[in-house]
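Derivation of every value follows stated rules applied to the coordinates shown; laboratory data play no part. Because the structure is a prediction, the values reported are computed rather than measured. Neighbour counts run over all protein chains shown; Cβ positions are idealised from the backbone, glycine included.
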Amino acid sequence: MIKKTRLMIPSQRDIDSILKDARQALDMPSRRLFGKRALTLGGLSLLTGCNITDEPSINRMLERVSRLNDGVQAWLFDPNKLAPTYPASMITRPFPFNAYYGEEDVPEIAQEGYLLKIGGLVTNKSPWTLDALHQLPQNAQITRHICVEGWSAIGRWGGVPFSLFLKQIGADLSAKYINFQCGDDYHTSIDMPTALHPQTQLTLTYDGQILPPKYGFPMKLRMPTKLGYKNPKHIMSLEVTNKYPGGYWEDQGYNWFGGA
C-alpha cells in the first residue's frame, strides 16, 4: 500500500498559481534575468527562494526543487571538461560592462596598499599584494562570458590558475566552498570542484592590460563554466569553508551552482 504524503507533487492549481505569479514577476527588472526559462517547469527551479507567491507551502516546494537542481548540476559537472575557447578575432569589442549598478558607480580601489585577505581552512593566511600575485605563474584564455539575462560576450583574460593559488596558500582541497567578499559589497561562493577546474582563473588582466576597474580591478574570478553572476569582481578577500556561504543574488533566490 502506498502511503500518501503532502506536498510531494504540486497540484495543477498550485502550478497554475506559480506560473501566473512568475509571468507577473518577469515584468520586474530584478526578474528579467531569468528570461524565458522562468516560464518552463524546469525553469521554475530558477525561481527558488523568491517570494513569487504568498503560499508558504509553494515556496517551500520551490526551495526543495532548487536544492535538487543545484545537486543535479553539481553531479553533472565534469571537472576535467573545458569550456570552448576562441581566436582573438572573435573577441567582443567593446566587452560589455555588467553589474547591479551603473558604470559610474564602479568602486575605485587603490593599487597601493591593496591586500587580498585569506581566511578559513588554509595553512597560510598571510595577505597577498598585487605584486606578489603578478609574480606567480600566469595563463591566458579567450572564453565566453554567459549572462543569465540572455546575452554573451567573448573576452581575453589573464591571471593565476586558481587551483595553483589554492595550493600556494595550503587550502584544504576537500572543503566544500570558497566564499568571496568584494569591494562593491558583492559576495558569492563556489564549489571546490569548480575552484579546481583548469580554466578557473584569478584574473589580473584583460586583453593584455591591467584589469580595468569596470571589469573588476584589482582582480576577479573568471569561470567560463559558470554564469556571469557567479564571477565575482573587485575581490577583497576569500575564505575556504565547509559552511554554506550563500551569495548576493543567491540569497535573493537565484540558483547557487549557476553552471553555464
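For the range 88-252, calculate the relative contact order in percent as a whole number, restricting contacts to Cα pairs under 8 Å that are 6 or more residues apart.
27
For the range 138-231, what D do you get in µm² per second when you plug the Kirkwood radius from alpha-carbon pairs into Stokes-Einstein at 10 °C and 1.306 mPa s?
The calculation lands on 117 µm²/s.
Report the Cα-based extents of the range 88-252 along its three principal axes, largest first, to the nearest Å.
41, 37, 29
Treating only the Cβ of Lys, Arg, Asp and Glu as charged (+1, +1, -1, -1), what charge dipole size does the range 88-252 show about its Cα centre? Round to the nearest 20 debye.
Here the range 88-252 has a charge dipole of around 600 debye.
Describe numerically, in nm with one decimal, the distance between label points set 7 Å from Cα along Cα→Cβ at H134 and at R93.
That separation, rounded to one decimal, is 2.4 nm.
Going highest first, how would you order 154-162, 229-237, 111-119 by mean Cβ packing within 10 Å?
229-237, 154-162, 111-119
Report the Cα centroid-to-centroid distance between the range 181-260 and the range 121-177 in angstrom, as an integer.
9
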